[in-house]
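Asker: Starting off with a structure, shown below.
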Amino acid sequence: MALQHEATTPHHSVQSALRVLEIVARHNTGVTTADLARETRLPPGRLAPLLRMLRREGYVVQLTDSATGAYVTGESFARLGSAHQHDQALREKLQRTLDGLRDSIGAAVYISRYVDGEVKVTDFAAGPRAPAVNEWVDFRSSAHASAVGKSLLTQLDVNGRRDHLSRHKMARLTSRTITNERVLLNRLAAQPATVPVLDLQEYAVGTVCAAVPITAGAAVGCLALSLPVEHAHRLREAADTLNRGAAPVLLSLAI
């Protein structure tokens, strides 16, 4: 299965964050910013925001009683790294992250994965001010029309995409739905990895969506949002915020 990666995607930030965490974990008594810069060879402009994210997510803690402000691993890292706590800790961590994204973006947010050849929404956060999309057609059979489905399909190779479409008829769900396989495959192939996939009322009239990849290892996944069509003017800005917020989700999945 061919996956797409680019240096400017959240994947690249997560790779760097994992390097930082690995180094912090090796230093039980703490490691300074200067030492981290030397060992990771990351410039200050990249290291500083990574450390802010890791502190915010609870993966590292800066020692206040240290003259050098050294870093040690935090509670979130310890819980995710524990074999008997990992699954529950991951569920709780992902839900907190999704709740935060929902509130900051003002949209319902979702995590979806491609499992055994099918689209599966595994986690979501919605609320009165951020209503979830009405799943009027099973997401498993509407990948051709939804931002979630198209984002997952872009992460498969051509044969994987064709296999999926051979098992799920491309039904016309709205007047905007793409039902021509060649047109869809061409659009998926041309989709830049760094640009969110959009659904402009292709799945459901009255709803617009966006999705970005959060592939961890061999597992294909995406982070998505939905908005009522009256908020369509916010979609691109919301999608950009979602893309920036994908790194913490991907990092949780990678630990």
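Asker: I want to verify a result. In a Gaussian network model of the chain, Cα cutoff 10 Å, which of these has the top mean-square fluctuation: T97, T29, T73?
Answerer: Between T97, T29, T73, it is T29 that shows the largest mean-square fluctuation.
Asker: Here's another thing I want to ask about it. Where a Cα-Cα gap under 25 Å defines reach, which lysines qualify for K93, not counting those fewer than 8 residues away within the same chain?
Answerer: Of all the lysines, those that pass the test against K93 - Cα under 25 Å, at least 8 places apart if same chain - are K120.
Asker: I'd like the carbon and sulfur percentage of the solvent accessible area for the chain, probe radius 1.4 Å, heavy atoms only, ligands and nucleic acids excluded.
Answerer: Summing carbon and sulfur atoms, their accessible area is 51 percent of the total for the chain.
Asker: Further, regarding this structure: Please go through the range 136-188 and write out the trypsin sites (Lys or Arg not before Pro) that DSSP classes as loop and that have at most 15 other C-beta atoms within 10 Å.
Answerer: The qualifying sites are K169, R172, R176.
Asker: Looking at the chain, I'd like the Rg to Rh ratio, where Rg is from alpha-carbon atoms and Rh is Kirkwood's inverse mean 1/r.
Answerer: With Rh from the inverse mean 1/r over Cα pairs, Rg/Rh is 1.01.
Asker: Please list the radius of gyration and Dmax for the range 114-255, considering alpha-carbon atoms only, with Å as the unit.
Answerer: Final numbers for Rg and Dmax: 14.2, 42 Å.
Asker: Could you identify which residue out of S16, S175, S226 has the top mean-square fluctuation in a GNM of the chain using Cα springs shorter than 10 Å?
Answerer: S175
Asker: Gap in Å between the Cα centre of the range 200-219 and the Cα centre of the range 96-137?
Answerer: 10 Å
Asker: Per residue, what volume in Å³ does the Cα convex hull of the range 163-214 take up?
Answerer: For the range 163-214, the hull spanned by Cα atoms encloses 95 Å³ per residue.
Asker: For the chain, what does the relative contact order come out to in percent, with C-alpha contacts under 8 Å and a separation of six or more?
Answerer: 20 percent
Asker: Pick out, in residue order, every one of the chymotrypsin sites (Phe, Trp or Tyr not before Pro) in the range 88-170 that is DSSP loop and has at most 13 other C-beta atoms within 10 Å; say none if there are none.
Answerer: W136
Asker: Out of E57, E135, E92, any idea which swings most in a Gaussian network model of the chain, alpha carbons joined below 10 Å?
Answerer: The residue with the greatest mean-square fluctuation here is E135.
Asker: Give me the accessible area per residue for the range 119-255, probe 1.4 Å, as a whole number in Å².
Answerer: That works out to 45 Å² per residue.
The values are calculated or read from the model by the stated rules, or taken from the named source; none is laboratory data. Please read all numbers here as calculations on a predicted model, not as lab measurements. Reconstructed Cβ throughout: ideal geometry from the backbone, glycine too, with neighbour counts over all protein chains shown. Ligands, DNA and RNA are stripped out before the accessible areas are found, and what is left, the full protein with its side chains, is counted by its heavy atoms. Shrake-Rupley method; radii C 1.70, N 1.55, O 1.52, S 1.80 Å.
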